[in-house]
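Report on one structure; see the data block that follows.
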Amino acid sequence: MYNSIDMNIIKIIKIIALTILFIATKAQSLLADEYTILAFGDSLTAGYGLMAEQGFTYQLEYELNQLGHKVTVVNGGVSGDTTSGGLSRLEWVLSSVKDGKPDLVILELGANDALRGITPDITRSNMERMLAILKQAELKTLVAGMMAPPNMGHRFNTEFNRIFPEVSEKFNMPLYPFFLKGVAGNGALNQSDAVHPNSEGIKVIVKNIIPYILKTDIYFEVKIDK
């Protein structure tokens with residue numbers, strides 16, 4: 001039989017053990033949510049015309065977790081957004097995500113600027129102002145490039161298509177050259193509007209962009225199988 005002193009010692013040991021277990025469980029939970037990617041963009045990141053599990057952020061999160069990474073991808077896309085719209089809401093969105101400190105921001109805007117024929121100088125200025133905000137906040141950022149549709153004319157296309165490589169270089173941020181690479185113009189990978197990717201098109205985008213995410217050297221070490 002245990003005396004009262006023994007019982008107190010056992011009780012203390014149990015409390016210590018439970019405390020250690022709680023701390024370990026809490027640490028594991030924090031690690032599971034340690035990495036956050038903010039996909040900040042327009043309908044291409046918002047998932048226009050798709051079910052939630054078909055959209056870019058869901059598929060990207062799923063594929064990264066399949067590779068063994070504990071990642072949450074936050075959907076910061078707004079359908080119809082231009083770079084002007086993105087600029088107006090960027091700081092508010094950042095303040096609502098992990099105390100404004102996502103581990104990576106994918107900046108995907110510009111498609112609607114091109115479709116609406118917005119002067120490329122305006123798009124460039126907005127991109128630079130957003131990148132300045134992200135740099136000031138010391139947020140690693142992957143610039144998702146966009147290309148103007150061919151019907152906008154040679155001069156417009158030339159000026160517009162230069163924006164993304166030039167601003168990414170100016171702010172020393174990595175560039176994914178064309179967000180719709182392998183998808184734009186492919187009817188099998190787009191919805192009936194011929195503008196927005198379908199679920200299969202999103203799969204292609206995710207597959208293409210993941211190596212660029214890994215190269216940002218934030219925390220990833222697993223190599224992609226070729």
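The values are calculated or read from the model by the stated rules, or taken from the named source; none is laboratory data. This is a predicted model, so every value here is computed, not measured. Methodologically, a virtual Cβ is constructed for each residue, glycine included, from the backbone with ideal geometry; neighbour enumeration extends over all protein chains shown.
For Asp103, the test of being out of contact with any strand residue (DSSP E or B) (no Cβ under 7 Å at 6 or more places or on another chain), surrounded by 14 or more Cβ atoms within 10 Å (Cβ to Cβ), acidic (Asp, Glu) and under 20 Å from Tyr176 (Cβ atoms) is failed. Residues that are among the polar types (S, T, N, Q) and surrounded by 15 or more Cβ atoms within 10 Å (Cβ to Cβ) within segment 78-100 comprise Ser79, Thr82, Thr83, Ser84, listed in sequence order. So for segment 102-116 (the condition being under 16 Å from the mean Cα position of the chain (by Cα) and among the basic types (Lys, Arg)), does at least one residue qualify? Looking for residues that are under 16 Å from the mean Cα position of the chain (by Cα) and among the basic types (Lys, Arg), one finds none in segment 102-116, hence no. State which residue is nearest to Ala52 (Cα to Cα) when the search covers only segment 190-206 and only residues that are among the hydrophobic types (A, V, I, L, M, F, W, C) and surrounded by fewer than 19 Cβ atoms within 10 Å (Cβ to Cβ). Top of the filtered list is Val204.
Okay, residues lined up against (1) aliphatic (A, V, I, L, M); (2) out of contact with any Phe, Trp or Tyr (no Cβ under 7 Å at 6 or more places or on another chain):
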residue	(1), (2)
Asn126	no, yes
Thr158	no, yes
Ile163	yes, yes
Pro174	no, no
Gly187	no, yes
Val204	yes, yes
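Do you know which of the residues in segment 190-226 that are of a type in the set (Ser, Thr, Tyr) and in a loop (DSSP other than H, G, I, E, B) is modelled with the lowest pLDDT? Don't jump to the end; show me each part of the working.
Just the residues of segment 190-226 that are of a type in the set (Ser, Thr, Tyr), to begin with: 192, 199, 212, 216, 219.
Now drop any that are not in a loop (DSSP other than H, G, I, E, B), which leaves 192, 216, 219.
Details: Ser192: 96, Thr216: 82, Tyr219: 52.
The selected residue is Tyr219.
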